[in-house]
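To keep things clear, I will list the structure first and then write my remarks on it.
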Amino acid sequence: MLAFAIRRLIQAVGVMLVVALISFLLFRFVGDPVNQLVGVDTTPEQRAQLRQDLGLNDPVYVQFGRFVGKAARFDFGISYQIKRPVADLIASRLPATLELSLVSAVFALLVGLPMGVYTGLYPQTLLSRLFLALSLTGISLPTFLIGILLIFIFSVNLGWLPSFGRGDVVTIGGFWTTGLLTRSGLSSLILPAITLGLFQMTLIMRLVRGEMLEVLRTDYIKFARARGLSSRAINFGHALKNTLVPVITITGLQIGSIIAFSIITETVFQWPGMGLLFLQAVQNVDIPIMAAYLLLIAFLFTVINFIVDLLYVAVDPRIRIGGAGA
Amino acid sequence: MTDAIRVKEEQPGVLSRILRSDLFYSFRRSPITVISAAVTLVLILAALFAPWIAPHDPFDPASLDIMNSLLPPQWTADGQAGFLLGTDDQGRDVLSTILYGMRISLAVGFASVVLAMALGVTLGLIAGYVGGITDTIIMRVADVQLTFPAILTALLIDGVARALAGPQAYEEIVVFVLVLSIGLSFWVQYARTVRGSVLVEANKEYVLAARLIGLRSSTIMFRHVLPNVVGPVLVIATINLALAIITEATLSFLGVGVPPTQPSLGTLIRIGNDYLFSGEWWVTIFPGITLAILALAVNLLGDWLRDALNPKLR
């Protein structure tokens, strides 16, 4: 177990270094950092001085080392466009994105799991077919279109829910803003969370359904029936329990995707999170923000992958014997 | 029987051979697939022949009248004859912009699928056939890229291209940038599938035989191994076409895709989104429905193809 964890850790560090290299190359060679920082009236001497001060004349590997060192201390430089430290900008947007992502993940799990169990247990009923057809539509409909349709129905036509922003937020502990404690904050959260969670919901539903169908065919389920156990005990105590390992894994891995996909949802609903910040950075060629966002997302993905890998080994003894494998 | 005679016998029967094939049988037996194929075909043809069937030319400034802007669909009370689905903010006929927009959506979709396929298949073949350190490097890169969602990769490539080209030049090359960014985001799946199949194929006797008679590795890879791994690649390509169209629409909707002067479906939805709240729903809903139908039809086709080509499910 320990050897496995260490091997995984080394791999994770490797991935992070590669991503850091990409972000550094982006930062250093796409556009000239000096030109972005100074005005038109700066003399060539001042530019040269600034170049020297910023360390842009050092060998590339020294610069890369410095970049990694600074990134480890959350120092990503100053945004070209907004002229504020990137770390502050991201920190002020992080709570909004994390809150949205977490609520959508919970929504996807709470709705997708029962739907998956139902369609797995009764694959032939009308309701199951309806769920499946809906899930295919959910996969085919682009996220932003779902958002627009929800806004059209629930904000424009019915006027029930707000269509943009976070509503009123409460600050906790001086840095974390939350919309979960106010009425307008909660109602603002509903539409974006559904939009963002719908795809993951269909994914979880199809996964649980597939696993349930598979497990229900196995011998131990037949044996349990032969022993005369109640359907309830078989379906939930035996079958569902064994489908949960892949479900936990996929859901865990999907949290990273949700955070990345929040770019789209945040744009549709003008949700003041990291995704919106990143998108504006892409449009304005604000390289420091792009580089920092890339690193942050990569970090989140790597950490989640690492934890899921370890959980997987902890839950499933077969992998422990097999070694690194998947 | 000699080869010449056999060819002669089968020549007139190509059509009937297709009609009698297992694939066509399973196609005919699935009404949903027939419908989605028909819908896909109609949409592709409509996009292809847009200049002839569109009631207006939305890109001819002379034909636009600002007085016609934001007209509702024809069947509503304020609708005007000649504008079936209404008009947008510049007085462009919505039906015509959808037809023209679909051209760009489909073109970008097809081109990026071809790019992803060419790249992925080539790298997959090389990784599987050559093996060793080459294999390790290619598959490691694939692994790293697979940890990120495709949309993020596409956004990043788009951002870099924007920075390198500068705003003016970017407008001109934006379609190529889109194809490149979507194509580069989707190659991994092909590479993994092809590599897996190649590893199986490479140990078979026909490859050994081809090697024995001294054929070059590239010939063996592309002429002998490739045809045997083409099935799964086709399935991925079909499903990826829907994904590529959606990705293009998403990028355009986010404002990093094609500009409003040459709109794709995603750009049209973006333009219309600004008018949703003032009640002009048709500007965004109709392109949205078109996009959804197109993606759904292609997805259903891909699903069918996957099941039909997978002997395990029969």
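The values are calculated or read from the model by the stated rules, or taken from the named source; none is laboratory data. In this text the structure is predicted, and so the values were computed from the model without any measurement. Neighbour counts run over all protein chains shown; Cβ positions are idealised from the backbone, glycine included.
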Complete set of residues in segment B:270-284 that are in contact with a Leu (Cβ under 9 Å, 6 or more places away or on another chain) and more than 7 Å from chain A (Cβ to nearest Cβ): B:R270, B:Y275, B:S278, B:E280, B:W282, B:V283
Tally, over segment B:27-52, of residues that are modelled with pLDDT of 80 or more and not in a helix (DSSP H, G or I): 1
Residue match in segment A:237-247 (condition: within 14 Å of another protein chain (Cβ to nearest Cβ), more than 23 Å from B:T153 (Cβ to Cβ) and not acidic (D, E)): no
Pairs where the first residue, in segment B:159-174, is loosely packed, with under 12 Cβ neighbours inside 10 Å and the second is in a helix (DSSP H, G or I), C-beta under 9 Å, 6+ apart: B:E172/B:A165
Qualifying positions in segment A:213-232 - of a type in the set (A, V, I, L, M, F, W, C) and more than 35 Å from the chain's Cα centre (by Cα): A:I221, A:F223, A:A224, A:A226, A:L229
Residue among B:T193, B:T219, B:T136 that is farther than 30 Å from A:Q283 by Cβ and surrounded by 13 or more Cβ atoms within 10 Å (Cβ to Cβ): B:T193
Any hit, segment B:53-68, residues being in a helix (DSSP H, G or I), modelled with pLDDT of 70 or more, in contact with a Lys or Arg (Cβ under 7 Å, 6 or more places away or on another chain) and closer than 27 Å to B:T238 by Cβ: no
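Yes/no per residue for (1) more than 23 Å from A:F278 (Cβ to Cβ); (2) of a type in the set (D, E); (3) over 26 Å from the mean Cα position of the chain (by Cα):
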{"site": "B:T193", "(1), (2), (3)": "yes, no, no"}
{"site": "B:V198", "(1), (2), (3)": "yes, no, no"}
{"site": "B:E205", "(1), (2), (3)": "yes, yes, yes"}
{"site": "B:G214", "(1), (2), (3)": "yes, no, yes"}
{"site": "B:T219", "(1), (2), (3)": "yes, no, yes"}
{"site": "B:G231", "(1), (2), (3)": "yes, no, no"}
Checking A:F299 against (1) touching a helix residue (DSSP H, G or I) at 6+ places or on another chain (Cβ under 6 Å); (2) under 18 Å from A:L21 (Cβ atoms); (3) more than 9 Å from chain B (Cβ to nearest Cβ); (4) not aliphatic (A, V, I, L, M), the condition it does not meet: (1)
Conditions (1) touching a residue at least 60 places away in the same chain (Cβ under 8 Å); (2) surrounded by 17 or more Cβ atoms within 10 Å (Cβ to Cβ); (3) within 14 Å of chain B (Cβ to nearest Cβ); number of the one not met by A:L134: (2)
Residue match in segment A:168-190 (condition: within 14 Å of chain B (Cβ to nearest Cβ), part of a helix (DSSP H, G or I) and surrounded by 17 or more Cβ atoms within 10 Å (Cβ to Cβ)): no
Every residue from segment A:248-285 that is within 11 Å of another protein chain (Cβ to nearest Cβ), over 16 Å from B:I151 (Cβ atoms) and either free of Cβ contacts under 8 Å to residues at least 12 places away in the same chain or touching a Lys or Arg at 6+ places or on another chain (Cβ under 7 Å) (or both): A:V285
Enumeration of residues in segment A:137-156 that are farther than 30 Å from A:Y122 by Cα and facing chain B (nearest Cβ under 9 Å): A:F144, A:L145, A:I148, A:L149, A:I151, A:F152, A:S155, A:V156
Test for A:G165: is it modelled with pLDDT under 85, within 14 Å of chain B (Cβ to nearest Cβ) and on the phi > 0 side of the Ramachandran plot: yes
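For segment B:244-265, give me each residue that is facing chain A (nearest Cβ under 8 Å) and in contact (Cβ under 8 Å) with a residue 40 or more places away in the chain.
Residues satisfying the conditions are B:I246, B:A249, B:T250, B:L254, B:V256.
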Of residues in segment B:180-190 being under 23 Å from B:P260 (Cα atoms) and crowded, with 22+ Cβ neighbours inside 10 Å, the one farthest from the other protein chains (Cβ to nearest Cβ): B:G183
Qualifying residue in segment B:222-235 (condition: away from chain A (no Cβ under 13 Å) and either of a type in the set (F, W, Y) or not in a helix (DSSP H, G or I) (or both)): yes
Any chance B:I289 is out of contact with any strand residue (DSSP E or B) (no Cβ under 7 Å at 6 or more places or on another chain), facing chain A (nearest Cβ under 8 Å) and β-branched (V, I, T): no
Of all residues in segment A:15-60 being part of a helix (DSSP H, G or I) and of a type in the set (D, E), the one that is modelled with the lowest pLDDT: A:D53
Some residue of segment A:84-106 being at pLDDT 75 or above and not in a helix (DSSP H, G or I): yes
